[in-house]
Amino acid sequence: MSTIQVITKDVAPLVSADAVEALRPEAEKALSMLHDGSGAGNDFLGWVKLPCETPQSLLDDINATARSLRENCEVVVAIGIGGSYLGAKAVIEALGNSFAPYLNSGTPVLFAGQNIGEDYLYELIEYLQGKKFGIIVISKSGTTTEPAIAFRMLKELLEKQLGKAEASKRIVAITDAHRGALRQLATEEGYKTFVIADNVGGRFSVLTPVGLLPIAVAGYDIEQLIDGARLMQLEVANPSRDNIAMTYAMTRNALYRAGKKIEILVNYNPKLHYVAEWWKQLYGESEGKDHKGIFPAAVDNSTDLHSMGQWIQDGERSIFETVISVNSTVHALEIPYDDANLDGLNYIAAKRVDQVNKMAELGTRIAHVDGGVPNILITVPTINEHFLGELLYFFEAACGISGYMLGVNPFNQPGVEDYKRNMFALLAKPGYEKETEAINARLK
Ligand code: PA5
């Protein structure tokens, strides 16, 4: 039994238990489509059985590569965007010390290529000057502009520091087995490489070397992460009443059909901020198509109770919330007693900080439900590699089921191409001459 739970009683009265239950046949069909490959996008279902099929030899290779990078580098930069970025960032932030950037311990993993910020890149290059650094460059297609720009610049810096031959020993490329510019470059320059399988899309790739290598470099236990994912894979493979991926998919689809078009993923632990960013990509890119789909948003509470809290409590009633509640913190800290008690806090003296946080969470959930915001509660025992593995796979499985229930192909992303076409036209990329002419005419 996994220890992640999904509790849905607070979606009533808008959506009754019977209304959710009525979607079970659809969820069962969606689950079987994931397993028998009879649905749209069936060439991208490699993630479904991936945790149980991950060979120990691959984990050993990733760990050995991570060890070598850690031994030879003060800092490692992981370059990638979207699915080639967010999974590693989510896990590293969730497991890391909140003040990691200011602590001189371990090998920090920095990220690049997830934006085209000139100041970001300038400051990164400035920071890397004179430092022993390595690069993990990640791009499934091998042609994405943002990481390609970052890689070109950091590769140049590394080669200036070490010469081409030595630099190539500190670069690891994760890309398609055969296609794309990055594969060609990696072959020509002799980089160590890992493969992103053809049948695993970017946003479902956190449990492949795409996520696992940066996570291992940061010092975390990828075997535990995969173990957690394996457990969840087995648990949500069958259409039982306890299948929590089906429960979540059924409930959010019932809410959507009852008019709730926006789902806000809520956490009460700042370490989960990037898990929510990863989740937003997973659900947004998988479901937002054919003019359909729940809009995935996220807040970090209690911080955002002092900004978005007003809107959620009292704004347009188009939302529901999914709260990730972490049962136990990693550390324990009590609020001290103070003789003067000028701040009036002695009534909570000797309580754990997390007890106060839990009451903020419970109080908010009750207030939001009373205010017309249905609530799904996902409980996680604690934040560690194992439970993160469970959580990531749970969200992936539920996303596949939910997308099929919605009636879209959850595994493509045709909308992502439109901005690229315009950007290439505006930059006069060779091959885009007609588009350049057309867009320039529009801008006159
Ligand atoms: O989920 C997806 O497929 C996308 O978000 C990609 O991960 C993202 O666009 C990066 O693509 P690539 O890895 O090909 O550079």
**Asked** Size of the dipole of segment 270-363 about the Cα centre, Lys and Arg at +1 and Asp and Glu at -1 on the beta carbon, nothing else charged, in debye to 20?
**Response** 280
**Complete:** Nearest 10, in degrees from 0 to 90: the angle of helix 145-162 to the longest Cα principal axis of the chain is 50
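For the peptides 249-260, 416-427, what is the packing order when you average, over each peptide's residues, the other Cβ atoms within 10 Å and list the highest mean first? Walk me through the numbers before you get to the answer.
Values: 249-260: 21.8, 416-427: 12.8.
Highest mean packing first, the order is 249-260, 416-427.
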**Förster radius 22 Å - calculated FRET efficiency between Asp221 and Leu103, Cβ distance, rounded to 0.05** = 0.70
**Asked** Can you tell which of Val172, Val353, Val206 shows the greatest fluctuation in a Gaussian network model of the chain with Cα springs below 10 Å?
**Response** Val353
**Message:** Using a probe radius of 1.4 Å on heavy atoms only, what accessible surface per residue do you get for segment 392-444? Whole Å² is fine.
**Reply:** 54
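For segment 22-79, take the alpha-carbon Rg, divide it by the Kirkwood Rh, and send me Rg/Rh.
1.27
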**Asked** Residue by residue through segment 257-270, which ³J(HN,Hα) values in whole Hz follow from phi under the Karplus form 6.51 cos²θ - 1.76 cosθ + 1.60 (θ = phi - 60°), with glycine and proline marked x?
**Response** 5, 8, x, 8, 8, 10, 10, 9, 7, 10, 10, 10, 9, x
**Prompt:** Roughly how many nanometres apart are two label points built 7 Å out from the Cα toward the Cβ at His35 and Leu426?
**Reply:** 4.7
**Within the accessible area of the chain (1.4 Å probe), percent carbon and sulfur** = 54
**Prompt:** Using 1/(1 + (r/R0)^6) with R0 = 22 angstrom and r between the beta carbons of Ile116 and Leu443, what's the FRET efficiency to the nearest 0.05?
**Reply:** 0.65
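Just subtract the alpha-carbon distance of Thr303 and Lys49 from 0.36 nm times their residue separation and send over the number in nm, one decimal.
Numbers: separation 254, 0.36 × 254 = 91.44 nm, distance 3.75 nm.
Taking Thr303 through Lys49 to full extension adds about 87.7 nm, to one decimal.
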**Message:** Restricting to bridges with both residues inside segment 50-225, how much of the DSSP beta-bridge set is antiparallel, in percent to the nearest 5?
**Reply:** 0
**Request:** Report the full-extension gain for the segment Phe295 to Asn341: residue separation times 0.36 nm, less the Cα-Cα distance, to one decimal in nm.
**Result:** 12.1 nm
**Asked** What residues from segment 1-45 fall in the zone where the backbone N is under 19 Å from a label point 7 Å along the Cα-to-C-beta line of Asp242?
**Response** 1-9, 28
**Percent of beta bridges antiparallel (DSSP, the chain, rounded to nearest 5)** = 10
**Prompt:** How far is helix 118-128 tilted off the main Cα axis of the chain, in degrees rounded to 10, range 0 to 90?
**Reply:** 70
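Determine Rg/Rh for segment 50-225; Rg is computed over alpha-carbon atoms and Rh is the Kirkwood hydrodynamic estimate from the same atoms.
Values: Rg = 14.8 Å, Rh = 16.0 Å.
Dividing the radius of gyration by the Kirkwood radius yields 0.93.
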**Complete:** Residue span Ala258 to Lys169: 0.36 nm per residue of separation minus Cα-Cα distance leaves a gain in nm of 26.5 nm
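Given +1 on the Cβ of Lys and Arg, -1 on the Cβ of Asp and Glu, and no further charges, what dipole in debye does the chain carry about its Cα centre, rounded to the nearest 20?
Details: 41 positive and 55 negative charges, 180 e Å.
Charge dipole of the chain: 860 debye, to the nearest 20.
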**Request:** Return one number: the angle in degrees, 0 to 90 and rounded to the nearest 10, between the long axis of the Cα atoms of helix 86-95 and the longest principal axis of the Cα atoms of the chain.
**Result:** 60
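Rolling a 1.4 Å sphere over the protein heavy atoms, what is the accessible area per residue of segment 63-221, to the nearest Å²? All intermediate terms of the calculation are to be shown ahead of the outcome.
Details: 6960 Å² over 159 residues.
That works out to 44 Å² per residue.
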**Message:** Given R₀ = 30 Å, what would the calculated FRET efficiency be for Ser16 paired with Val356, taking r from the Cβ atoms and rounding to 0.05?
**Reply:** 0.35
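The values are calculated or read from the model by the stated rules, or taken from the named source; none is laboratory data. The structure presented is a predicted model; accordingly, all values stated were derived computationally and were not measured. Cβ: placed from backbone, ideal geometry, glycine included. Neighbour counts: every protein chain shown. Areas reflect the complete protein model, heavy atoms only, side chains present, ligands, DNA and RNA absent. Shrake-Rupley method; radii C 1.70, N 1.55, O 1.52, S 1.80 Å.
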